[in-house]
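Engineer: Before I ask anything, here is the structure I am working with.
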Amino acid sequence: MTANINRAGLDEEKRAFRYVRKLKGFYIHLGAFVVVMVLLATINLVKNPYDLWVLWVLFGWGIGLTTHWLSLTERLVVMEADWEKKQVEKRLGRKI
């Protein structure tokens, strides 16, 4: 009985560490996005303010950033860790 409790605690701890690593990756992605977009917007506005090409970069990278956020908030069910476990259990026909 204690082994199951310890294992459940370890599994929960692993999931927590995995989430924190994903969160850290998202913050790094967000920081890079902000810094690069400010730099590109400045270049665009100084060099050619009548052709706002920076909006295309903002849109494209924004899609990637939004997808990264959705995977972090587990709104994309396919990317959820428990989804994989459920699929394996379904395939095996038993709990793991």
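The values are calculated or read from the model by the stated rules, or taken from the named source; none is laboratory data. Because the structure is predicted, anything quoted here is derived from the model rather than measured. Here Cβ is always computed from backbone atoms with ideal geometry, including for glycine, and neighbour counts include all displayed protein chains.
Engineer: Just one of R18, R7, R75 is at pLDDT below 95, closer than 30 Å to K95 by Cα and not in a helix (DSSP H, G or I); which is it?
Structural biologist: R75
Engineer: On the given criteria, is W61 in contact (Cβ under 8 Å) with a residue 12 or more places away in the chain and not small (G, A, S)?
Structural biologist: So W61 passes the test.
Engineer: Now a separate question. Could you list, ordered by first residue, the pairs with Cβ atoms under 7 Å in which the first is in region 23-40 and under 16 Å from L72 (Cα atoms) and the second is surrounded by 12 or more Cβ atoms within 10 Å (Cβ to Cβ) and among the aliphatic types (A, V, I, L, M), at least 6 apart or interchain?
Structural biologist: Final answer for the pair search is L23/L72; F26/L72; H29/L65; L30/L65.
Engineer: Turning to a different aspect of this structure: Can you tell me which residue in region 15-41 is farthest from H68 (Cα to Cα), limited to those that are out of contact with any helix residue (DSSP H, G or I) (no Cβ under 9 Å at 6 or more places or on another chain) and not aliphatic (A, V, I, L, M)?
Structural biologist: F17
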